[in-house]
Amino acid sequence: ALVTGCAKGIGNWTAQALAKAGADTVINYKTSQKEALKLSESIQKMGRKTLVIKADVTKPNEVQKLFKQAEKRFGKVDILVNNVGNFIIKSIYHTTYNEWKDIIETNLTSVFLCSKAALPKMRERKWGRIINMTVATVDKQAAAPKVAHYTAAKTGVLILTKSLAAEEVKNGITVNSVGPGIVDTGIMSEAEKKDLIRLCPKGRFAKPEEIARVILFLASPESDYITGANIPVGGGWGL
């Protein structure tokens, strides 16, 4: 299994869940080396093999190197979790071009690049799992003040997921997405947290491990008949 941007947060929990289920894991990070190495140590204690690779998955050449190294070590990447993402809270008026570009490339372009790199080996084996990350309300998206850049990217991920699922179903590859609810990433003010909590009927933020469990299901043989789906894990957000 290869999980992008998995040194922290949802990706970290996902890598651990996959390892507990028996998967050897490629741990990708961009800047959080210390956390990535700690995760690797934790997974190795479970008796699984790991490979820690620094790569910016918005760059085509770095993605190619990432997959070449992964395939050299493990022979294949049959489970890909496109987890990497970033997020800012800014109006369109105040968003710079570079901020816009960074959000789109990190959340959307990386999914295209990594999925494309994973497909050849998956097609060879006639089996593969690609799991992408959206948001819980992505299929009901209306106006998104101060997060237009992020929701534009995640809506793109939803359509990419469905399109790739349709293209690859004949090759034994399933492509699905998980839509996390509101997760406290540490960048929100207390006032913003209170505003967001009111949107969620469950009355709390999502826990990373709750999202990881759904990703694990989509990576498993039990999900074989599911493809092109987006599963919201949002505590009722958007109902």
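Within segment 107-137, count every residue that is of a type outside the set (Gly, Ala, Ser), over 11 Å from the mean Cα position of the chain (by Cα) and not in a helix (DSSP H, G or I).
Counting residues in segment 107-137 that are of a type outside the set (Gly, Ala, Ser), over 11 Å from the mean Cα position of the chain (by Cα) and not in a helix (DSSP H, G or I) gives 4.
Would you mention how many residues in segment 224-239 are free of Cβ contacts under 8 Å to residues at least 60 places away in the same chain and touching a helix residue (DSSP H, G or I) at 6+ places or on another chain (Cβ under 6 Å)?
1
Could you please find all residues in segment 182-195 being modelled with pLDDT of 80 or more and hydrophobic (A, V, I, L, M, F, W, C)?
ILE182, VAL183, ALA191
Any residue that is of a type outside the set (A, V, I, L, M, F, W, C), at pLDDT below 95, out of contact with any strand residue (DSSP E or B) (no Cβ under 6 Å at 6 or more places or on another chain) and within 23 Å of ILE211 (Cα to Cα) - is there at least one of those in segment 86-108?
Taking every residue of segment 86-108 in turn, at least one turns out to be of a type outside the set (A, V, I, L, M, F, W, C), at pLDDT below 95, out of contact with any strand residue (DSSP E or B) (no Cβ under 6 Å at 6 or more places or on another chain) and within 23 Å of ILE211 (Cα to Cα).
Within segment 150-185, track down each residue that is of a type in the set (Gly, Ala, Ser), over 18 Å from ALA206 (Cα atoms) and in contact with a strand residue (DSSP E or B) (Cβ under 6 Å, 6 or more places away or on another chain).
Of everything in segment 150-185, just one residue is of a type in the set (Gly, Ala, Ser), over 18 Å from ALA206 (Cα atoms) and in contact with a strand residue (DSSP E or B) (Cβ under 6 Å, 6 or more places away or on another chain), namely ALA165.
Among the residues of segment 147-157, is there at least one that is part of a loop (DSSP other than H, G, I, E, B) and either in contact (Cβ under 8 Å) with a residue 24 or more places away in the chain or basic (Lys, Arg) (or both)? Working first, answer last.
Within segment 147-157, the first condition is being part of a loop (DSSP other than H, G, I, E, B), and the residues that meet it are 147.
Now restrict to residues that are either in contact (Cβ under 8 Å) with a residue 24 or more places away in the chain or basic (Lys, Arg) (or both): 147.
Within segment 147-157, one or more residues are part of a loop (DSSP other than H, G, I, E, B) and either in contact (Cβ under 8 Å) with a residue 24 or more places away in the chain or basic (Lys, Arg) (or both).
Just for segment 72-101: of the residues that are charged (D, E, K, R) and part of a helix (DSSP H, G or I), which one is surrounded by the fewest Cβ atoms within 10 Å (Cβ to Cβ)?
Within segment 72-101, the match that is surrounded by the fewest Cβ atoms within 10 Å (Cβ to Cβ) is LYS72.
Within segment 1-52, how many residues turn out to be within 22 Å of ILE182 (Cβ to Cβ) and either acidic (Asp, Glu) or in contact with a Phe, Trp or Tyr (Cβ under 8 Å, 6 or more places away or on another chain) (or both)?
Matching residues across segment 1-52 total 3.
For residues that are among the hydrophobic types (A, V, I, L, M, F, W, C) and assigned to a loop (DSSP other than H, G, I, E, B), scanning just segment 44-71, find the one that is surrounded by the fewest Cβ atoms within 10 Å (Cβ to Cβ).
Checked segment 44-71; the qualifying residue surrounded by the fewest Cβ atoms within 10 Å (Cβ to Cβ) is MET46.
Among residues belonging to segment 210-222 that are surrounded by fewer than 20 Cβ atoms within 10 Å (Cβ to Cβ) and in contact (Cβ under 8 Å) with a residue 60 or more places away in the chain, point out the one that is nearest to ALA21 (Cα to Cα).
The extreme case among them is SER220.
Within segment 138-174, restricting attention to residues that are within 24 Å of LYS101 (Cβ to Cβ) and of a type in the set (Ser, Thr, Tyr), which residue is surrounded by the most Cβ atoms within 10 Å (Cβ to Cβ)?
So, considering only residues that are within 24 Å of LYS101 (Cβ to Cβ) and of a type in the set (Ser, Thr, Tyr), the one surrounded by the most Cβ atoms within 10 Å (Cβ to Cβ) is THR161.
Just one of the numbered conditions (1) closer than 16 Å to ASN107 by Cβ; (2) β-branched (Val, Ile, Thr); (3) modelled with pLDDT of 95 or more is not true of THR174; which one?
(1)
Filter segment 123-154 for residues that are modelled with pLDDT of 90 or more and among the polar types (S, T, N, Q); which is nearest to GLY11 (Cα to Cα)?
Taking segment 123-154 first, the residues modelled with pLDDT of 90 or more are 123-135, 148-154.
Now restrict to residues that are among the polar types (S, T, N, Q): 132, 134, 151.
Details: ASN132: 11, THR134: 14, THR151: 20 Å.
Step by step, filter segment 123-154, then rank; the result is ASN132.
The values are calculated or read from the model by the stated rules, or taken from the named source; none is laboratory data. As the structure is a prediction and not an experimental result, all values here were calculated from the model. Note that each Cβ is placed from the backbone with ideal geometry, even for glycine, and that neighbours are counted across all protein chains shown.
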